[in-house]
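The next block holds one structure in the form of structure tokens; read it before the comments.
Read the figures in this text as sums done on the coordinates, not as results from a lab. The shown structure was predicted, so the numbers you read here are calculated from the model rather than taken from an experiment. Cβ placement follows ideal geometry from the backbone for every residue including glycine, while neighbour counts extend to all protein chains displayed.
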Amino acid sequence: MRGSRDSEGRACEHGRVTALDPLDPVLVEAIDVLRLRLPLATPLHSAAGPRTERTVLLVHVIAHESEGWAECVAEAEPTYAPEYVEGVSLVLRNHLLPRAWAGPIGDGVALGPHLAAVRGHPMAVAALELAVLDAQLRAEGRSLASWLGATAAAVPAGASLGLHDNVVDLLAEADRALTAGAARLRVKVAPGRAAGPVLALRNHVGPDVPLQADANGTFRTDEPAHLAELERLDEAVLTCLEQPLAPDDLVGHARLAARLRTPICLDESITSVGSLEAAVALGACGILCVKPGRVGGWVAARAIHDRCVELGLPAWVGGMLETGLGRAANLAVAALPGMTLPPDLDPRGRFDPDLADPGLPGPDGLVAVPAAPGIGITPDPAMLADASVERSRRR
Ligand code: MG
């Protein structure tokens, strides 16, 4: 999709042009890539296993006029997506940064199409592009949210609940999330650990709490027991069932959508406007989870958002266990008018202490969208020093 943007920074998809205001380039003096290890405040269990800490990769642009920050969403291991922290570090060092320095390094919007010469690696591209955009927006005194066209000043906070070995623990975690202000609950599920826990959760929270389930592609349509368990999930009256099948199985998702009452939400399957078009044409996608850091960046996420609006497709911004820095950037997309469902913004925060203010919900249950220039936040210098494992500079 990045290749289909024109040089003036407009997202061109299927002949349609959505204008984003041009930004003055900044004079980049150096770019740091930092790797940090931060303990999670509460361990998170998913189909990929338990997690107790997060390896965080940051890109820091030092420009003459300003500085820019971005948090990469890649995880330590390639279990959610093919990209992972070590790989992103190598791709940045050996392929993206040399090309950026030889091209429009001070203009994040022009950088996206320029870096399309490197196939794939959307998480690495997104982080580099956002760090440059952040520096440009700070230099102009403009927030990322307003530049993207956000219309909401605050958004509700959706909580994600991990896979639990017993239902009592799951219900206790749900209670904590609701007490902290969660507007909806999303629970990780896997074969054999889906229908039972989710139906118990529905029974526990009552009919009015919006519930979602995320299977991270762990079910198979050629396993009768898997299909039977997914059909039982209909009884829980979920807002959606997210990514039940493997990311490349669009036809399987379409067949499942025809079989279930619960709308199918796609996450890992959707990497671009093109893959969204294919999924919608097949009937595989009734709701979309958009992760700007996974789809190639914030300009790409805006283009996907715009297509969702045209299609009337409900959408929401998903989280990747971001620190406050990544949450702030995600809020800019979550505040776009087509993001019709609550985003992943765990109301409890994920880190204690966090690298930056995690933006927790206020008494009204809403999280304020940063209005300060750029992503609206910078990391705490003491935390950076404490948690930094590795730092490399290119100038
Ligand atoms: Mg997901």
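List of remarks:
- In nm, spacing of pseudo-spin labels at Trp101 and Val118 (7 Å Cα→C-beta vector): 1.3
- Among beta bridges from DSSP that stay inside the stretch 146-368, the antiparallel ones total about 15%.
- Evaluating kT/(6 pi eta Rh) at 20 °C and 1.002 mPa s, with the Kirkwood radius of the stretch 317-395 over Cα pairs in the Stokes-Einstein relation, gives 157 µm² s⁻¹.
- In order through the stretch 66-80: 3J(HN,Hα) via Karplus (6.51 cos²θ - 1.76 cosθ + 1.60), integer Hz, x for Gly, Pro: 5, 9, x, 10, 8, 9, 7, 8, 4, 9, 5, 10, x, 9, 7
- Ordered by the number of other Cβ atoms lying within 10 Å of each residue's own Cβ, fewest first, Met383, Met339 fall into the sequence Met383, Met339.
- Isotropically averaged projected area of the stretch 72-211, using the convex hull of Cα atoms (one quarter of hull area), nm²: 11.5
- Pairwise centroid distance, computed over Cα atoms, of the stretch 340-395 with the stretch 81-102, Å: 23
- Legend: translational diffusion of the stretch 68-133 by Stokes-Einstein, Rh = Kirkwood radius over C-alpha pairs, 20 °C, 1.002 mPa s; D = 182 µm²/s.
- Amide N proximity, the stretch 245-275 versus Val237 label position 7 Å along Cα-to-Cβ, cut-off under 17 Å: 261-263
- Over the stretch 146-368, relative contact order from alpha-carbon pairs under 8 Å, at least 6 apart, %: 24
- Globularity index of the chain is 0.94 (Cα radius of gyration / 2.2 N^0.38 Å, N = number of residues).
- The phi-based Karplus calculation (6.51 cos²θ - 1.76 cosθ + 1.60; θ = phi - 60°) puts the 3J(HN,Hα) values of the stretch 368-377 at 5, 7, x, 10, 6, x, x, 6, x, 7 Hz, whole numbers, x for Gly and Pro.
- The eigenvalues of the Cα gyration tensor, multiplied by 5 and square-rooted, give the stretch 146-368 an equivalent ellipsoid with semi-axes of 26, 23, 14 Å from largest to smallest.
- Among Gly158, Gly103, Gly324: highest mean-square fluctuation, GNM of the chain, C-alpha pairs under 10 Å: Gly103
- Under the criterion of Cα pairs below 8 Å and six or more residues apart, the relative contact order for the chain equals 21 percent.
- The 3J(HN,Hα) values that the Karplus relation (6.51, -1.76, 1.60; θ = phi - 60°) gives for the stretch 302-311 are, in residue order, 4, 5, 5, 4, 4, 5, 4, 4, 4, 7 Hz. Gly and Pro appear as x.
- Computed helical MRE - 222 nm, the chain, DSSP H runs ≥ 4 contributing -39500 (n - 2.57), nearest 500: -9500 deg cm²/dmol
- For the pair Asn203 and Glu77, the difference between a 0.36 nm per residue extended length and the Cα-Cα distance amounts to 41.8 nm.
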